[in-house]
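The next block holds one structure in the form of structure tokens; read it before the comments.
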Amino acid sequence: MFDRDKWQEIFSTIRKNKTRTVLTGFSVATGIFMLIFLLGAGRGLRNGMTSVFAQDATNSMQIYGGRTTKAYKGTPEGKRIQMVNEDYLGLKKSISKLDVISAMSYIPGAETISYKNNFGNFNVSPVHDTYEKIKNFEILSGRFLNEKDIKENRKVVVIQDVVKDVLFPKETAINKLININNIKFKVVGVFSQQSFDENSRDIYIPITVAQKIFNNNDHLQRISFTLNDISVEESKGVVQQVIYKMADKHGFSKEDKSALWIQNNIENSQTFAALFTAIEMFVWIIGIFTIALGVIGVFNIMMIVVKERTKEIGVRKAIGASPASVIGLILMEAIFITAASGYIGLIAGVGLLEVITQFDLIYKIYPPAAIYFVNPQVDLGIAVGATIVLVVTGALAGFFPARKAARIRPIEALRDE
Amino acid sequence: MIRLQNIHKSYITGTNKLHVLKGIDLHIKEGELVSIMGSSGSGKSTLLNILGLLDNHDDGVYLLNQQEIKAMSETKAAKLRNDLLGFVFQSFNLISFKNAMENVALPLYYKKVARKKRNRMAVEYLDKLGLKDWAEHMPNELSGGQKQRVAIARSIITNPKIILADEPTGALDSKTSIEVMDILKEINASGITVIIVTHENDIAHMTDRIINLKDGRIESIIETRKVNRTESSKIPQ
């Protein structure tokens, strides 16, 4: 196999038949390039979707007040459903398998937040301490809100890293006092978060203090909660349970789909998981077919090669080439072409993915899509595996033509007519 | 050197069975220069193919160099061809993408002779045939006579016992034909058995013995003349 003369023999035939060799190699290189690129793109998509999806705990639900679309007990349609603290307490008691629950109110009016001479407009969300478990935060320093902050109406605040960078560009934020609508809040933590919105700049304060200072009412914008150990079917039951309870309380039809907006992440995450699986399967199917096409291409061209070289092979056999050496000649050529061009395709595929990542091409071409396409890399195992598969199948594709070549009878090959 | 007893060969084409050789008895001694003649369809090429181990005979006994040739593996046949036989063809059958030197060196490749050595030997043999300056040329840059001389160099480089030439002059003009025949005669003079298949009378008459084939049988054998074996050879072994 590592006979230098044999390689020289193969290289000299390859050199003398450049076009044919390049064309064979091109189909193989394209095949592996497509496979690597698709697998990488699939991975990127999955990474992106996962990180986007990860902003909410996958066992969570969120409820928003809506507007009725059905008249109910004398109340005409179009009634706005406003959730209040009582709903939060009611759901906290009644929902089965409840893990944690948090409400969120909202602060009307402009929210100018400042520290010394630094200021900006940030989104201030009053929540319970349990919100930490519903949304996926990464605490960078300090802590999130805690139970005491809620109970004692403390004027404390946790800020997102981007907010920290604006307000405290050169100093630490913890224990500093910032102004929210001219009321001082003490920073207790800095966090980072994944978000659909690239420009999210969030601040969280205790809901209790917010309702007291800014709202003067017990209105809630949403209620979020997580559930323990729950199946998709059970989660649908919980949705029903919530609708029934709220319908009783607020007086709307249980059939009214618009009175409450309920986002069921348990069901969504199952849908997403199924989507990922489908995408991955799709990529593999395309990959397998591309490989198959490459292999058929090599097989086809090697068949032509053997046909074209029938006479030459006949001459070689007449002057003493054994069948094994003829098989070796064709097979090694096939393997060499597949391996070399497979490698080129591999490098090109990995290179393209690398360029996309390095230069942030997705973001440059279509910014909103960038978040769904993160780190599009193919792990080395898949890349090497795919190349080995291609070489092995290339060898198989070369083997049958080679065997055909070995069976060429010199007399038939040398016959002039 | 070659002994044939009652050799039969048939080809099956579809449902037809074509009986090509119908019992050939022949003895060719070492160092002979023999021609096989016959019209097309007489079986002369088939006989040459059997002699050249390029095809199997169906029936009869074939002794080559005291060795009985029966159904044998392709690998073994290839080895015997490489060791004992050299071929010269009507259409030269040079490998088009190899230059003259590489073509001549190819049989040595299958003998596992190192590249440098076989190329050096190839140039030597080309030199003997007056083609040294053409060693780096591709076959399509050579004339018919030059191509046939390259093919002859290729056939003798392994120092075979027998040269089998199938219509070696069939594609050449008469002047070149005579040159090629002179070369073959010189080779023969060096002790190598040469068997030439031809349908040209004048070519056949340059050999020691003419074997006339007709319808798969030997019709007649004509002894022509003896070459002077004492003549010094330009083609050394």
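Worth a mention:
- Taking the criterion of being surrounded by fewer than 19 Cβ atoms within 10 Å (Cβ to Cβ), farther than 27 Å from A:PHE122 by Cβ and under 36 Å from the mean Cα position of the chain (by Cα), the residues of the range A:73-110 that qualify are A:LYS92, A:SER94, A:ILE95, A:SER96, A:LYS97, A:LEU98, A:ASP99.
- Number of positions in the range A:398-416 that are outside any helix (DSSP H, G or I), open to solvent by less than 90 Å² (accessible area, probe 1.4 Å) and either modelled with pLDDT of 85 or more or facing another protein chain (nearest Cβ under 9 Å) (or both): 2
- For the range B:125-147, filtering for residues that are within 14 Å of another protein chain (Cβ to nearest Cβ) and within 21 Å of B:THR198 (Cβ to Cβ) leaves 1.
- Residue list for the range B:94-107, restricted to those being within 13 Å of A:ALA321 (Cβ to Cβ) and of a type outside the set (A, V, I, L, M, F, W, C): B:PRO107
- Residue match in the range A:62-72 (condition: in contact (Cβ under 8 Å) with a residue 40 or more places away in the chain, under 24 Å from the mean Cα position of the chain (by Cα) and surrounded by 16 or more Cβ atoms within 10 Å (Cβ to Cβ)): yes
- The residues listed here are A:ALA210, A:ALA278, A:ALA259; of these, the one that is closer than 30 Å to A:PRO367 by Cβ and aliphatic (A, V, I, L, M) is A:ALA278.
- Scan of the range A:306-356 for residues that are open to solvent by 20 Å² or more (accessible area, probe 1.4 Å), within 14 Å of chain B (Cβ to nearest Cβ) and β-branched (Val, Ile, Thr), ordered by number: A:THR310, A:ILE327
- Of all residues in the range A:162-186, those that are in the same structural domain as A:SER114 (by TED's automatic domain parsing) have Cβ atoms under 7 Å from Cβ atoms of residues that are polar (S, T, N, Q) and open to solvent by 80 Å² or more (accessible area, probe 1.4 Å), 6 or more apart or on another chain, in A:LYS186/A:ASN175.
- Residues satisfying the stated conditions in the range B:139-170, i.e. touching a Lys or Arg at 6+ places or on another chain (Cβ under 8 Å) and either open to solvent by 20 Å² or more (accessible area, probe 1.4 Å) or not aliphatic (A, V, I, L, M) (or both): B:PRO139, B:THR158
- Just one of the listed residues (B:VAL180, B:VAL150, B:VAL197) is within 14 Å of chain A (Cβ to nearest Cβ) and either out of contact with any Leu (no Cβ under 6 Å at 6 or more places or on another chain) or in a helix (DSSP H, G or I) (or both), namely B:VAL150.
- A:VAL190 meets each of the listed conditions (1) modelled with pLDDT under 90; (2) in contact with a helix residue (DSSP H, G or I) (Cβ under 8 Å, 6 or more places away or on another chain); (3) within 20 Å of A:HIS128 (Cα to Cα) apart from (1).
- Within the range A:43-61, one or more residues are touching a residue at least 60 places away in the same chain (Cβ under 8 Å), away from every other protein chain (no Cβ under 14 Å), open to solvent by less than 20 Å² (accessible area, probe 1.4 Å) and over 30 Å from A:PHE282 (Cα atoms).
- Matching residues, the range A:194-244, being within 17 Å of A:VAL163 (Cβ to Cβ) and open to solvent by 30 Å² or more (accessible area, probe 1.4 Å): A:GLN194, A:ASP197, A:GLU198, A:ASN199, A:ARG201
- A:ALA278 more than 18 Å from A:ALA57 (Cα to Cα), of a type in the set (A, V, I, L, M) and assigned by TED's automatic domain parsing to the domain that holds A:VAL232: no
- Some residue of the range B:36-48 being among the aliphatic types (A, V, I, L, M) and surrounded by fewer than 18 Cβ atoms within 10 Å (Cβ to Cβ): no
- Per the listing A:ILE291, A:ILE262, A:ILE279, A:ILE243, the residue uniquely outside any helix (DSSP H, G or I) and away from chain B (no Cβ under 14 Å) is A:ILE262.
- Being modelled with pLDDT under 90 and either under 25 Å from B:ASN82 (Cβ atoms) or basic (Lys, Arg) (or both) holds for only one residue in B:ALA114, B:ALA189, and it is B:ALA114.
- The range A:1-42 - residue that is outside any helix (DSSP H, G or I) and within 14 Å of another protein chain (Cβ to nearest Cβ) and, of those, least open to solvent (accessible area, probe 1.4 Å): A:ASN17
- Selection from the range B:79-105 of residues that are of a type in the set (A, V, I, L, M), modelled with pLDDT of 90 or more and within 16 Å of B:ALA153 (Cβ to Cβ): B:LEU85, B:VAL88, B:LEU94, B:ALA100, B:MET101, B:VAL104, B:ALA105
- Checked against (1) under 19 Å from A:HIS128 (Cα atoms); (2) part of a helix (DSSP H, G or I); (3) touching a Lys or Arg at 6+ places or on another chain (Cβ under 8 Å), A:ALA210 meets all criteria but (3).
- Residue-level check: of (1) open to solvent by 70 Å² or more (accessible area, probe 1.4 Å); (2) farther than 28 Å from B:SER190 by Cα, B:LYS22 misses just (1).
- Residue pairs whose Cβ atoms lie under 6 Å apart, separated by 6 or more positions or on different chains, with the first residue in the range B:75-100 and within 8 Å of another protein chain (Cβ to nearest Cβ) and the second polar (S, T, N, Q) and open to solvent by 20 Å² or more (accessible area, probe 1.4 Å), are B:THR75/A:SER322; B:ALA78/A:SER322.
- Matching residues, the range A:103-151, being closer than 20 Å to A:PHE214 by Cα, of a type in the set (Ser, Thr, Tyr) and in a loop (DSSP other than H, G, I, E, B): A:SER105, A:TYR106
- Search result, residues across the range B:115-145 that are in contact (Cβ under 8 Å) with a residue 40 or more places away in the chain and under 17 Å from B:ASP182 (Cβ atoms): B:LYS128, B:LEU129, B:GLY144
- Any pair with Cβ under 9 angstrom, 6 or more apart, that starts in the range A:290-303 at a residue that is crowded, with 21+ Cβ neighbours inside 10 Å and ends at one that is among the basic types (Lys, Arg) and part of a helix (DSSP H, G or I): A:ILE301/A:ARG20
The values are calculated or read from the model by the stated rules, or taken from the named source; none is laboratory data. Computed from a prediction, not measured in an experiment: that's the story for all the values here. All Cβ positions, glycine included, derive from the backbone under ideal geometry; neighbour counts span all protein chains shown. These accessible areas exclude ligands, DNA and RNA; they are computed on the full protein's heavy atoms, side chains included. Shrake-Rupley method; radii C 1.70, N 1.55, O 1.52, S 1.80 Å.
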